[in-house]
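Report on the structure given below.
The values are calculated or read from the model by the stated rules, or taken from the named source; none is laboratory data. Given the structure is predicted, the values throughout are model-derived calculations rather than measurements. Virtual Cβ from ideal backbone geometry, glycine too; neighbours counted across all protein chains shown. Please note that ligands, DNA and RNA were not included when accessible areas were found on the heavy atoms of the full protein model with its side chains. Shrake-Rupley method; radii C 1.70, N 1.55, O 1.52, S 1.80 Å.
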Amino acid sequence: NTDISYEDLSYLTITYLDYNGNTKQGEMVVHKKLADEVLAIFKDIYNAKFPIEKMNLVDNYNANDHSSMVANNSSAFCYRTIAGTNKVSKHGMGVAIDINPFYNPHVLKSSGKVNPSEASKYANRSLNAKGMIKKNDAVYRAFTSRGWTWGGNWNNPDYQHFEKSI
């Protein structure tokens, strides 16, 4: 079912640490069935002192995913289809979250394309830039311990992306 209504979504205010170590309040919209779990995940991330540069609704970027990624904005709900299809994406259902997308890009191995293209340097996962997600780190564990899938494990890794089936 690709229909989602406002009643299926929850607006969350989430505490996080920014890149300067300051405690901030961010906003995120997720599927209501995942709301409490998402709050627990971000509490774990906060307690681990993992930095998140910003956390704004994608509406702040005119619902433009590319603009949000280039701004390194961590977000969840954005009603859109999967590129090249008519299928609503996991983000369009409120069951996917992207964290620090500039430093955790999506890498299409066959073509060598990186999305966002401006972040191609960070396809090199041996770098240790602030906010990079690595397998078995605090962010990875906070999500995967609760049954979420990490896009960083995919054939075309999407290092920013976590999703969960509901």
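Note on the chain: with a GNM built from Cα contacts shorter than 10 Å, the maximum mean-square fluctuation among His66, His31, His106 falls on His66. Here's the list of aspartates and glutamates a cross-link from Lys109 could span, going by alpha-carbon distance under 12 Å and ignoring same-chain residues fewer than 8 apart: Asp158.
Within straight-line reach of Lys24, meaning a Cα separation under 18 Å, sit the following lysines at least 8 residues removed in sequence or on another chain: Lys43, Lys49, Lys54, Lys130. Here the mean projected area of the convex hull built on the C-alpha positions of segment 65-124 is 4.1 nm². Ranking Asn156, Gly84, Asn20 by Cα position along the charge dipole of the chain, where only Lys, Arg, Asp and Glu carry charges on their C-beta atoms, puts Asn156 farthest toward the positive end. Under the rule a/c < 1.5 gives rounded, and otherwise a/b versus b/c splits prolate from oblate, where does segment 29-97 land using the Cα gyration tensor? Since a/c reaches 1.5 but b/c is at least a/b, the shape of segment 29-97 is classed as oblate.
Taking all protein chains as they are arranged and a probe of 1.4 Å, the heavy atoms of Thr15 leave approximately 50 Å² accessible to solvent. Put the Cα centre of segment 5-43 next to the Cα centre of segment 125-166 and the gap is 17 Å.
Need one word for segment 84-166: rounded, prolate or oblate. Basis is the Cα gyration tensor (sqrt eigenvalues a ≥ b ≥ c); a/c below 1.5 gives rounded, then a/b vs b/c decides. Here segment 84-166 falls in the oblate category.
For the chain, the antiparallel share of DSSP beta bridges with both residues in that region comes to about 90%.
Peptides 44-51, 3-10 ranked from most to least packed, by the mean per-residue count of other Cβ atoms within 10 Å: 44-51, 3-10.
Helical content of the chain, expressed as a calculated mean residue ellipticity at 222 nm, amounts to -4500 deg cm²/dmol (DSSP H runs of 4 or more residues, -39,500 (n - 2.57) each, divided by residue number, nearest 500).
Shape class of segment 9-166 from the alpha-carbon gyration tensor: rounded, with the ratio a/c of largest to smallest axis under 1.5.
Over segment 28-162, accessible surface divided per residue gives 47 Å², non-protein components excluded, 1.4 Å probe.
Taking all Cα pairs closer than 8 Å and separated by 6 or more residues, the relative contact order of the chain comes to 19 percent.
Per the Debye formula on identical point scatterers at the alpha carbon atoms of segment 8-58, with no solvent, log10 I(q)/I(0) at q = 0.18, 0.23, 0.25, 0.30 Å⁻¹ is -0.53, -0.81, -0.92, -1.16. Please find, in a Gaussian network model of the chain (springs between Cα atoms separated by less than 10 Å), the residue of Gly92, Gly152, Gly84 whose mean-square fluctuation is greatest. Its mean-square fluctuation being the largest, the pick is Gly84.
Comparing Asn62, Asn104, Asn72 in a Gaussian network model of the chain where C-alpha atoms under 10 Å apart are linked, the largest mean-square fluctuation is found at Asn62.
Across the accessible surface of the chain, with the other protein chains kept in place and a 1.4 Å probe, carbon and sulfur atoms take up 46 percent.
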